[in-house]
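Notes to accompany the following structure.
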């Protein structure tokens, strides 16, 4: 009887040890799983956060630009300030982000705040953003500082890789040279701009004015037709030139 009792106790102890061993093994697996999970979370977070921080300013800037494009017909509309909020958030996450600086310049220019527009364009220009050279040069042309505008445009052309930006830079170079009465150079730049895309109004409008100054009125009329055909009433310069085109073509 005593022997049976001892055997029973041994069996019970063995079962208890087995259960304990299984429990310990399971616990170790859970600990390892938890450690791996935690490590994986940290690992993914290490890579995910920089990716999010890199992409988010781009997304915010794009959202701001979309708002601006939709609302720019009325730049005094308060809804357009939502674009400014997006640009500011983008710049908070990525200080010195040239695209957002440039787009802020566009918005301020649209609102008639030329001083702030100039500040934004200059900041983007110093970060090597070619479009900023072009827009800042245009402001200098409007201020009759033609030599300064030409210097900026020539520097910007060396940095630029985009045909559309090159087109507007050549147009502004032609405009500045025209205002300096350097007609031969001006015509060369304006025709080079048209050669890139002849379905844009501003180069035709400027070339029409230049040809009139040279006494080539018949050739000027052809350019006034294209100025009226391709010009945009929403463009700050073209809208005035379109009115001149209507006058010339109605004579």
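Side notes on the structure shown:
- Between the range 223-237 and the range 95-126, the alpha-carbon center distance in angstrom: 25 Å
- Across the range 62-158, the fraction of Cα-Cα pairs farther apart than 16 Å, rounded to a whole number, is 54%.
- With the cut-off at under 20 Å, measuring from each backbone N in the range 185-212 to a point 7 Å along the Cα-to-Cβ line of residue 239 picks out 200-206.
- With R₀ fixed at 35 Å, the C-beta to C-beta distance from residue 58 to residue 250 puts the FRET efficiency at about 0.15.
- Spin-label pair residue 76-residue 180: with each label point 7 Å from Cα along the Cα-Cβ axis, the two points sit 3.8 nm from one another.
- Computed packing ranks the peptides 111-117, 206-212, 57-63 as 206-212, 57-63, 111-117, most packed first, by mean other Cβ atoms within 10 Å.
- Rounded to 0.05, the FRET efficiency of the residue 217 and residue 195 pair, given R0 = 25 Å and the Cβ-Cβ distance, is 0.60.
- The range 163-251: Rg to Rh, with Rh as the Kirkwood radius over Cα pairs: 0.94
- Once the Cβ-Cβ distance of residue 151 and residue 119 is raised to the sixth power relative to R0 = 22 Å, the FRET efficiency obtained is 0.70.
The numbers here are math on the coordinates, done by the rules we state, and not lab data. Predicted model only: the values in this text are computed from it and were never measured. When we count neighbours, we look across all protein chains shown, and the Cβ atoms used for this are built from the backbone with ideal geometry, even at glycine.
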